[in-house]
1. May I ask which of 44/128; 44/81; 81/140; 109/140 have a Cα-Cα span longer than 21 Å here?
2. Round to a whole angstrom and tell me the spacing of the C-alpha centers of region 41-91 and region 110-149.
3. What nm distance separates the two modelled labels at residue 151 and residue 115, each placed 7 Å from Cα along Cα→Cβ?
4. Only counting other Cβ atoms within 10 Å, I'd like 115, 130 sorted with the fewest neighbours first.
Amino acid sequence: MGRLRITLLTFLFILVVGVATGDAQSRQVLWYQEMEVARQAAEKDGLPILLFITYSGHNDEDIRLRGDVFSSPEFVEFARKRLVLLETDFASSGSSDLSRMQANRRMAKNLKVNTFPALFLLDHFKGKTTRIPHEGKSEKSLIASIESIYFDQPMK
């Protein structure tokens with residue numbers, strides 16, 4: 001009886017850990033760190049780029065976007081099918097790569113970014129860049145904003 005109980009408990013543990021790990025993996029999506037790599041992926045797949053300019057972890061909106069919006073199952077599903085994601089993090093770009101830091105600063109200046117975080121939708125086919133308001137938006141309202149800017153109809 002004790003042996004059977006241990007076997008069942010072990011099986012349940014493995015099952016629960018497997019489901020939790022699978023759930024965490026299903027909420028992951030690829031964020032590029034370099035514009036040129038993201039641009040190549042976007043051109044290859046025919047998708048717009050969602051540019052997330054951040055100063056990571058330094059304000060509540062940044063933390064909320066990362067924790068609640070970008071990791072939500074709805075946003076992850078949408079992003080995997082309809083976006084190329086690019087994150088430019090000013091907090092981590094300073095020490096390791098001077099050329100990336102300079103490119104990030106030029107990009108922020110060209111886009112007139114003076115508060116963090118900032119979101120932009122980049123349509124490389126039409127050469128159009130649109131700032132996306134995000135303050136307080138849920139994943140559903142952010143997706144609706146992106147769809148209204150770029151896509152003819154919502155994802156089903």
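No value in this document is a laboratory result; all are computed from the given coordinates. Bear in mind that the values here come from a model prediction, so they are computed numbers and not experimental data. Cβ: placed from backbone, ideal geometry, glycine included. Neighbour counts: every protein chain shown.
1. Exceeds cut-off: 109/140.
2. Using only Cα atoms to place each centre, the spacing works out to 10 Å.
3. Result for the modelled spin labels: 2.8 nm.
4. Going from sparsest to densest Cβ surroundings: 115, 130.
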